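**Student:** The structure under discussion is supplied below as structure tokens; questions concerning it will follow.
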């Protein structure tokens, strides 16, 4: 059964989800045995390839924090985080509110467990809400977000570690284009995406990893090359240092964790001129 075929709001503990697997990679406890089993298989494969998925997950979270800090300091007061995943430390609203206490934050996800946890976490936070939304339907997602955000003013849209779970290149390009349409000057687009540099990962291990994720509710994992990721920012003003591995984006810590030398995740922030 695919995620689209599953009844809305139903939690199936027999099928792994990428949100709960990511929670496990980050050291969280909001996951089931089936998620841990799938995550451990990915960890084993990544270790064989000389990488470390746990470090990639932490580096991706660090990129999100630095990107939100940067955008908030630039004066953006509204944030839309798509595919937010399970709440962890330094969520978007926590980072933004340290800089702009009344920043408006909308989270969007379609994972029932994510929705339950986030609604409980945000119950007493009037400036932050979570909506049920599917990135496969970006127009519907934007329409739901517009009940809480003013798109006539700058908005930061985040799609962090999201699009590598979408198989069609054309669909992803179309989603990005749709998400960019309502953004006024001063808005920002924040994206991170899994990639492997040419010659740094064997095809068989990539196929094995894809097979593991194919059994999750998302149903896929797809690497894309640097040029494709750069294309999502065409026409935007890329903030320095551009499209780079997430651990290198405005990171004052020069230490590169073991396993992060090869491939990993690209990240960038673009500003609407």
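**Student:** If I go through region 96-135 residue by residue, how many of them are over 28 Å from residue 173 (Cβ atoms), within 18 Å of the chain's Cα centre (by Cα) and modelled with pLDDT under 85?
**Tutor:** Within region 96-135, residues that are over 28 Å from residue 173 (Cβ atoms), within 18 Å of the chain's Cα centre (by Cα) and modelled with pLDDT under 85 number 4.
**Student:** Could you say which residue among 86, 183 is more than 21 Å from residue 61 (Cβ to Cβ) and not in a strand (DSSP E or B)?
**Tutor:** Matching residue, one of 86, 183: 183.
**Student:** Restricting to region 95-114, what's the tally of residues that are under 21 Å from residue 162 (Cα atoms), out of contact with any helix residue (DSSP H, G or I) (no Cβ under 9 Å at 6 or more places or on another chain) and surrounded by fewer than 21 Cβ atoms within 10 Å (Cβ to Cβ)?
**Tutor:** The qualifying residues number 1.
**Student:** Looking only at region 136-169, how many residues end up being assigned to a loop (DSSP other than H, G, I, E, B) and at pLDDT below 95?
**Tutor:** Qualifying residue count for the region: 6.
**Student:** Taking the options 50, 27, 9, name whichever one is modelled with pLDDT of 70 or more and on the phi > 0 side of the Ramachandran plot.
**Tutor:** Numbers: 50 fails: modelled with pLDDT of 70 or more; 9 fails: modelled with pLDDT of 70 or more.
None of the other options fit; the residue is 27.
**Student:** Here is a list: 244, 172. Which entry is out of contact with any helix residue (DSSP H, G or I) (no Cβ under 6 Å at 6 or more places or on another chain), closer than 30 Å to residue 151 by Cα, surrounded by 14 or more Cβ atoms within 10 Å (Cβ to Cβ) and at pLDDT 85 or above?
**Tutor:** 244
**Student:** Here is a list of conditions, (1) part of a helix (DSSP H, G or I); (2) at pLDDT below 95, and residue 217 meets all of them except one; can you say which number that is?
**Tutor:** Condition not satisfied by residue 217: (1).
**Student:** Name the single residue that is nearest to residue 163 (Cα to Cα) among those in region 67-83 being out of contact with any strand residue (DSSP E or B) (no Cβ under 9 Å at 6 or more places or on another chain) and not in a loop (DSSP other than H, G, I, E, B).
**Tutor:** 69
The values are calculated or read from the model by the stated rules, or taken from the named source; none is laboratory data. Since this is a predicted model, take the numbers as computed values, not measurements. So basically every Cβ, Gly included, is an ideal-geometry build from the backbone, and we count neighbours across all protein chains shown.
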